[in-house]
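All remarks here apply to the structure that follows.
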Amino acid sequence: MGKPVDRARPEALIARDASNLLHKYGTGGVIVSVASSAMLVYHAAGGLPSGSFLVWWVVMASALLVRAAYLVYWHSAVANAPNRDTAREIRHFSAGTGAIALIWAAFPVLFFSEITPATRSITAVILAGMAGGAATLLAPVRSLALVYIGLLLLPGSICFLLIGGSENTVPGLLGILCFLVLAASARIANSAAIQAIQLSHDKQQLLIEKELERKQIVSANSELRSLQIALEDANEGLERKVRDRTEKLLNEIRERERYEQELSRLASTDPLTGLGNRSSLIRLITGALSEGSPFGVLFIDLDDFKEVNDVRGHHAGDRVLAIVAERLTTAIPTGSELARWGGDEFVVVLRGIDSEESALNIASSLRQEVSQPIDIGGETVWIDGTIGISLFPDHGTTSDKLIRAADVAMYAAKQQRHHRVRLFDPLLAEHVAKGHFLGQCLSAAIANEELTVVYQPIVSSNNSRCVSMEALVRWRHPDHGPVPPNEFIPLAERSGDILALGRWVLMEACRQAAQWPGPEPPSVSVNVSAAQILAGYLVQDVLEAIGESGLPRHRLHLELTESAFAGDFDRVAPVFAELRGLGIRISLDDFGTGFSSLAYLQQLPIDTIKIDKIFVGGMARETKSIVRAIVSLADALGYEVIAEGVELESQRAALVTLGVGFQQGYLYARPLLAAAVPVWLHQQTGDLQTAR
Ligand code: C2E
Ligand code: MG
Ligand code: MG
């Protein structure tokens, strides 16, 4: 809102306006006074004044001059001054006016007696005229107007009356009457003037107020407008923010959806082959189940893939898997789906098959695709596959059962190497499933401390002295009880767990053998698998076991089956040659059961031949001849001979006669717990001493 109107001092404002009016018309009064006083004196003196007339006029002229100067000063310096003292101004003006009135009053008093009646009449007219003008000009200050009119009219009137005579009495009375009339009209003029001032002031005030109101309205309007603009701006800003935020949120949602899609794609994709993984396979089968039409599940496992990985490295293994995945993808019938189950295992969901035969045919053709040669960096890799088949609904009505049935069928096919494609058979399932299950438990067996090593003595045929203890691993499954090594060692060889298992047995055997008592404690014979040698870590493992246990090198023997040598002679032989070079002795286990070749036997880097127990069992004429032949062959090649599986005294005696230097079997001792070995050794030393 605007500034409040100043109504506090209206008298001061009225006084200011009154002062302005007085001073404004003052100049006219001065001019009239100068002219009329000059003319009066000229007339009274009858020409240019002299003497007292001149003095009067000089006084009058001087007063008027001072007044004129004062008025000039007022107009230039006071009228527009910011802080005016209007009471003082009016006092000064009144003083000047009073002085001039007194000079006028002095004229009749001084000169009426000596001037002519005509001059007196002229004087009366001039004074009446001057008084009449003053009634209006001095109206703003009533007292001043009254004083001025009084001074101009009353002394002259009195002088007229004092001179006497009818020609003077009438003007005297007229003068007094004139005074009364002018006094009354001065009073009316004063109130009119004050009213006019008041009105003009009110008008001005009104105008100011109006202007203020207008300004207030304008400013309120502009405030309103700027408020409106600010509101519009804020609104627009808010809308923009909402738009931006919405856009950002939408982008975030889209981004998140993309991310989730990518995540779920990655989560259901096998990165190596680009095929679906287990979870996507289960979704596929669940989808097929919901449709209700018959379909097949093919479980494909690559044969000897471990070997590719171990021998040629993981990079080559990955290439093989990728190539096989590509081949299978193009070979599967339209509508069917392929996924990677894990490792070297693939699963096909075979849609639209109408019979077991068609499933078997498709599986056979897929196997053929897998068994095509693969070129890896210029080298040809031969790989084969084994395929198990389960059918919906005959072999299961859930994805889990169907996959497990196909897996069991595959496992059964693996065990009978000549059947590489096999349909699930419920009768076989239990038997196969157990082996399969055990295979899966094996990797945890070492960590769970389910494995132990037992020791079976090998004694000299001459004096029954124990020369070595064969380390034989034992596995007691928490649910299935003891599992024979003939069952789980092949499983471990297939799964690759044999590496960890073999390393553990080696460490354990060396560690315990190093503790055995006596001046000449026996050696320890540890069985090793071909897979351990092919993996390339055997020498390193042996050195570690010897180093950590402190067992002298000559007290470590390694046993390897004949078939393992024959399988990959070129790669196995150098490893044993190296080990022999380190002072470790090598035995050829189960001799006579494998593909024996004299040509190989001659080149083998071995120290001992272990004749398999099948040749010891009966000791019939033919077997005796075979043993004799083996002994003479070994003699010729410089190898020692151990016969295993000696259970009877007759067998022992026959073997001695045949020249077999060392024997092992239940006749001497069953495999002993590690803790029982020192006791047995003590006892044996005692027995030997007694015998001597
Ligand atoms: P192997 O090396 O020929 O071991 C001899 C097997 O014959 C052992 O069976 C032993 O208990 C058994 N045996 C010993 N004396 C007699 C006897 O008088 N009569 C009969 N009937 N059998 C006798 P086990 O312990 O069941 O081992 C079977 C095979 O498992 C072993 O044959 C060996 O090839 C393998 N094996 C055992 N432990 C290990 C191991 O730590 N690593 C590897 N790679 N293979 C092992
Ligand atoms: Mg053995
Ligand atoms: Mg053996």
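The values are calculated or read from the model by the stated rules, or taken from the named source; none is laboratory data. Since the structure is predicted, the reported quantities are computational estimates derived from the model, not experimental observations. Note that we place each Cβ from the backbone using ideal geometry, even for glycine, and neighbour counts take in every protein chain shown. Areas reflect the complete protein model, heavy atoms only, side chains present, ligands, DNA and RNA absent. Shrake-Rupley method; radii C 1.70, N 1.55, O 1.52, S 1.80 Å.
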Three principal axis extents, largest first, for the C-alpha atoms of the range 386-436, in Å? 29, 20, 15
Zone of Asp318 (label point 7 Å along Cα→Cβ, backbone N under 19 Å): which residues in the range 372-392? 375-379, 381
Based on the mean of other Cβ atoms within 10 Å per residue, sort peptides 172-183, 354-365 so the most packed one is first. 172-183, 354-365
For the range 143-235, size of Cβ-based charge dipole, Lys and Arg +1, Asp and Glu -1, in debye: 320 debye
Measuring from its Cα centre, the chain shows a charge dipole (+1 at each Lys and Arg Cβ, -1 at each Asp and Glu Cβ) which, in debye to the nearest 20, is 5180 debye
Classify the range 11-267 as rounded, prolate or oblate, taking a ≥ b ≥ c as the square roots of the eigenvalues of its Cα gyration tensor: rounded when a/c is under 1.5, otherwise prolate if a/b is larger than b/c and oblate if not. prolate
Report the one residue of Ser157, Gly659, Phe392 whose Cα lies farthest in the direction of the positive end of the charge dipole of the chain (charges on C-beta: Lys and Arg +1, Asp and Glu -1; origin at the Cα centre). Ser157
Before rounding to the nearest 500, sum -39500 (n - 2.57) across all DSSP H runs of length at least 4 in the chain and divide by the residue total; then give [θ] at 222 nm in deg cm²/dmol. -22000 deg cm²/dmol
Between Asp384 and Thr685, what is 0.36 nm times their sequence separation minus the Cα-Cα distance? Round to one decimal in nm. 102.9 nm
Gained length - Val181 relative to Thr330, 0.36 nm times residue gap less alpha-carbon distance: 39.8 nm
Specify the angular offset, from 0 to 90 degrees and rounded to the nearest 10, of the alpha carbon long axis of helix 621-637 from the longest principal axis of the alpha carbons in the chain. 70 degrees
State, to one decimal in nm, how far the label point of Asn221 lies from the label point of Ala118, with both points 7 Å from Cα in the Cβ direction. 7.3 nm
Reported to the nearest 10 Å², Trp56 has, with a 1.4 Å probe, an accessible area equal to 10 Å²
Pull out a ≥ b ≥ c, the square roots of the eigenvalues of the alpha-carbon gyration tensor of the range 542-692, then state rounded if a/c is under 1.5, prolate if not and a/b is larger than b/c, and oblate in the remaining case. oblate
Normalised by the residues of the range 16-152, what does the relative contact order come to in percent, with Cα pairs under 8 Å and at least six apart? 33 percent
Just to verify a number: what accessible area does Asp635 come out at with the full protein assembly present, 1.4 Å probe, Å² rounded to tens? 110 Å²
Starting from the Cα of Asn486, move 7 Å in the Cα-to-Cβ direction to define the label point; list residues of the range 423-449 whose amide nitrogen is under 17 Å from there. 435
Using Cα atoms only, what is the angle between the long axis of helix 399-415 and the major principal axis of the chain, expressed in degrees (0 to 90) to the nearest 10? 30 degrees
For the chain, accessible area per residue (1.4 Å probe, heavy atoms of protein chains only), Å²: 52 Å²
Rounded to the nearest 10, the angle in degrees between the Cα long axis of helix 10-45 and the longest principal axis of the Cα atoms of the chain comes to 30 degrees
In the chain, what percent of the accessible surface is made up of carbon and sulfur (1.4 Å probe, ligands and nucleic acids excluded)? 58 percent
Quick shape check on the range 234-355: root eigenvalues a ≥ b ≥ c of the Cα gyration tensor, a/c under 1.5 is rounded, otherwise prolate if a/b tops b/c, else oblate, and it reads oblate
Here the Kirkwood hydrodynamic radius of the chain, Cα-based and in Å, equals 38.4 Å
Between His554 and Ala675, what FRET efficiency comes out of the Förster formula 1/(1 + (r/R0)^6) with R0 = 35 Å and r the beta carbon distance, rounded to 0.05? 0.90
Can you compute the FRET efficiency between Leu543 and Leu648 using 1/(1 + (r/R0)^6), with r the Cβ-Cβ distance and R0 = 41 Å? Round to the nearest 0.05. 0.50
So, relative contact order of the chain in percent, Cα under 8 Å, 6 or more apart, is 7 percent
Going by average Cβ density within 10 Å per residue, which order do the peptides 371-382, 326-337, 298-309 take, highest to lowest? 298-309, 326-337, 371-382
Contact order normalised by residue count of the range 11-267, Cα under 8 Å, 6+ apart, percent: 19 percent
For the pair His431 and Gln261, the simple spin-label estimate (label points 7 Å beyond Cα toward Cβ) gives in nm 5.2 nm
Can you give the alpha-carbon Rg of the range 278-424 over 2.2 N^0.38 Å, where N counts its residues? 1.01
Any lysines with Cα under 28 Å of the Lys414 Cα? List them, leaving off those in the same chain fewer than 8 positions away. Lys306, Lys401, Lys434, Lys613
In debye to the nearest 20, the charge dipole size for the range 11-267, taken about the Cα centre with +1 at each Lys and Arg Cβ and -1 at each Asp and Glu Cβ, equals 480 debye
In nm, the gap between the two label points placed 7 Å beyond Cα toward Cβ at Ala636 and Asp244 is 9.8 nm
Suppose the chain between Ala79 and Glu236 were pulled fully straight at 0.36 nm per residue; how much longer would it get relative to their current alpha carbon spacing? 50.8 nm
Nearest 0.05, what FRET efficiency do Gln204 and Val32 give at R0 = 25 Å with Cβ-Cβ as r? 0.25
